[in-house]
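For reference, the structure is listed below as structure tokens.
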Amino acid sequence: MLNFKKLRKKNIVLIGLMGSGKSAVGREIAKSLNFDFYDSDAEIEKRIGKSIKQIFQTKGEEFFRLLEEEICLELLENKNCVIALGGGSIINKRIRSLINLNSFSIYLKVDIEVLLNRLRNSNKRPLLSLGNKKIILEDIYNQRKNYYKKANLIIVNNTSKESVVKNIIKELS
């Protein structure tokens, strides 16, 4: 299994676009490793008492990003846990620095067509409500791909959650 002391890492962090499966896969990895699990978006919603969509609508994206930074930086200090980071958190330099310092990062790479299928009925993704979902996802991916490529492990998640989790556990062993 992954030797955190040898790697000087405290936790495992999942990054990727919205709909890439970070929360679902992260929960299962945490169960398999007997680690705690955190979802940064869920932690934000808990702290504010509103959904991400409501926060965007009432407070704006800038407020959300500041709150996201604060909560992600707190989560990334935890030990022996799996953290599913919100899709946009990777654009924050302070979050990226702490990921590199404390975390074994796993990028869940998913084809845009698969993401479109997964997100077709979702109305809780504020950035997707701004226009053509495919163009938005492609733009977001292009803005973030250089950060994603720096992950310690890149796993394609176009298939079932079970096979992806099995693949990640195998890679961590």
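Each reported figure results from applying straightforward, stated rules to the coordinates on display, with no laboratory input. Quick caveat, the model's predicted, so the values are computed rather than measured. Here the Cβ is made from the backbone with ideal geometry for all residues, glycine too, and neighbour counts use every protein chain on show.
May I ask you to order 106-118, 12-24 by the average number of other C-beta atoms within 10 Å around their residues, highest value first?
Numbers: 106-118: 18.4, 12-24: 24.3.
Ranked from most to least packed, the peptides come out as 12-24, 106-118.
What are the ³J(HN,Hα) couplings of the stretch 152-157, residue after residue, when phi is run through the Karplus curve with 6.51, -1.76, 1.60 and θ = phi - 60°? Round to Hz, x for glycine and proline.
5, 9, 10, 10, 7, 10
To the nearest 500 deg cm²/dmol, what mean residue ellipticity at 222 nm is calculated for the chain from DSSP H runs of n ≥ 4 alone, each contributing -39,500 (n - 2.57), summed and divided by the residues? All intermediate terms of the calculation are to be shown ahead of the outcome.
Details: 9 runs with 94 residues, N = 173.
Counting only the DSSP helices, I get -16000 deg cm²/dmol.
Check Ser105: other-chain or 5+ apart residues with amide H under 5 Å from its amide H, H built from backbone geometry?
Under 5 Å from the amide H of Ser105: Val13, Asn152, Leu153.
Within the P(r) computed for the chain, what percentage of the Cα pairs occupies the region above 26 Å? Before the final figure, lay out each step's value.
Numbers: 3659 of 14878 pairs.
Cα-Cα pairs in the chain separated by more than 26 Å: 25 percent.
Would you calculate the separation in nanometres between label points at Lys145 and Lys170, each defined as 7 Å from the Cα along the Cα-to-beta-carbon direction?
2.7
Between Glu74 and Ile112, what FRET efficiency comes out of the Förster formula 1/(1 + (r/R0)^6) with R0 = 25 Å and r the beta carbon distance, rounded to 0.05?
0.20
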